[in-house]
Each structure stands twice: as structure tokens, then as C-alpha cells.
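Remarks on the structure that follows.
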Amino acid sequence: MTKATKTLRCHCRGKQHVLDVFEQSLTAQCYDCQVCTLVMGHPNFDDWIPLGDFDLKRGNRSGQRPLDDLTMAQHLVDCLRRDIWPSAATILDFGIESNRHLGALQHAVYAGATAYDLDRVMGIGWTITQLVRAARNQPYHDVEFRTVYDEWMWDDKESGES
């Protein structure tokens, strides 16, 4: 990931700074447009995934979930590796509606997606869809994820900022 961190550029062409790093992936934020991005460094993935309002929900401010809290995503990875359905809360947070959804996530994990990667896209259907489609040779490339949170957008007032 060292090479990628030297030249991170956002879709707006702005320079990005790294928020945190885990194994081969990192989360970066653009100085200009403030958009956060998941950059997956695993060779079986070929996409950078924009994370919407990630910076408003995650971090060290009041009301935010810490960046290092991977509990729900780790539970999902454990279930996918054991080939069992996850908890109802995990199903809700990841928009798992069918065996095909579960299979798409399972393929992504076996291709190299980590709990960190899944945590970054959790709760945002289109980013989960983009992550599973980014996995090479994805047999469930047509599956689309939707979560109950997809219609919610946080803003600074909701996150406790003034």
C-alpha cells in the first residue's frame, strides 16, 4: 500500500490524506471535496470505493463509531467462512436479502476482502454492491444490495457538530 499512499487522488482530482490503514487496504479523505474512499490493495480487487458520508458517521467525535470498531463486519466474515447465516442485525446492516447476497459477500471474502473492507461499506447498499462487484470472477455480479440506511444522509448538525 506504500506506493498508493504517495499518489492518492480523488475523483475530483484533489489530493487525499489517509485516515487509517489495515493490512492491504486504507481509508482516505479528499482535502478538497471531503469524500472518503476505501482503497483496497488486494490484487483480486480492482476498484476504489467512494464511501459517501463515512466521515460524518465514523471517527473520534461525539456520536461517531470509532474507526477501529470492526465488530459487526468481523461477525459477518466469521459467518461467511463457516458458511452460516449471520445475526439479524448483520443481515440488516449489510442488506443481505437472499442466498445470492450471502454468496456474493462470501466470494468477496474468499477473494481477499477483510472485515476492515466490509466495515467501511457497511450500511450503504451501493458501496456494498460496488465492493462485491470489484472482486475478480464474482459469480454474483448482478446482485444489488440495499440497506434500510440508504435513504438516510447525515449532515454536520446530526453528527453533533455546530
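The values are calculated or read from the model by the stated rules, or taken from the named source; none is laboratory data. Every value quoted in this text rests on a predicted model; they were computed, and no experiment measured them. With ideal geometry, Cβ positions are generated from the backbone for all residues, glycine too; neighbour counts draw on all protein chains shown. With ligands, DNA and RNA removed, areas are computed over all heavy atoms of the protein, side chains included. Shrake-Rupley method; radii C 1.70, N 1.55, O 1.52, S 1.80 Å.
Projecting the Cα atoms of Leu67, Ile91, Ser25 onto the charge dipole of the chain, computed from C-beta unit charges around the Cα centre, puts Ser25 farthest toward the positive end. Taking amide hydrogens as placed 1.01 Å from N in the peptide plane, the amide H of Met122 sits under 5 Å from that of no residue at least 5 positions away in sequence or on another chain.
Rounded to the nearest 20 Debye, what is the dipole magnitude of the range 47-162 about its Cα centre when Lys and Arg each give +1 and Asp and Glu each give -1 at the C-beta?
Once rounded to the nearest 20, the dipole reads 380 debye.
Derived scalar couplings between HN and Hα for the range 31-42 equal 5, 7, 9, 6, 5, 8, 9, 8, 10, 8, x, 6 Hz in order, rounded to whole Hz, by the Karplus curve 6.51 cos²θ - 1.76 cosθ + 1.60 (θ = phi - 60°), x for Gly and Pro.
Of the trypsin sites (Lys or Arg not before Pro) found in the range 41-81, the ones in coil according to DSSP and having at most 15 other Cβ atoms within 10 Å of their Cβ are Arg61. Taking 0.36 nm per residue of separation and subtracting the Cα-Cα distance, full extension of the segment from Ile84 to Glu144 would add 19.6 nm. In this structure the amide hydrogen of Ser25, modeled in the peptide plane, comes within under 5 Å of the amide hydrogens of Gly41, none closer than 5 places in sequence on its chain. For the range 31-162, the fraction of 1.4 Å probe accessible surface lying on carbon and sulfur atoms is 51 percent.
Looking at the chain, the accessible area is 53 square angstrom per residue; that uses a 1.4 Å probe and ignores ligands, DNA and RNA. Couplings 3J(HN,Hα) for the range 71-86, derived from phi with the Karplus relation 6.51 cos²θ - 1.76 cosθ + 1.60 (θ = phi - 60°), are 3, 5, 5, 5, 4, 4, 4, 4, 5, 5, 5, 8, 6, 10, 6, x Hz, where x marks Gly and Pro.
Ranking Pro139, Val77, Ile49 by how far each Cα lies toward the positive end of the dipole of the range 36-153 (charges on Cβ) leaves Val77 at the top.
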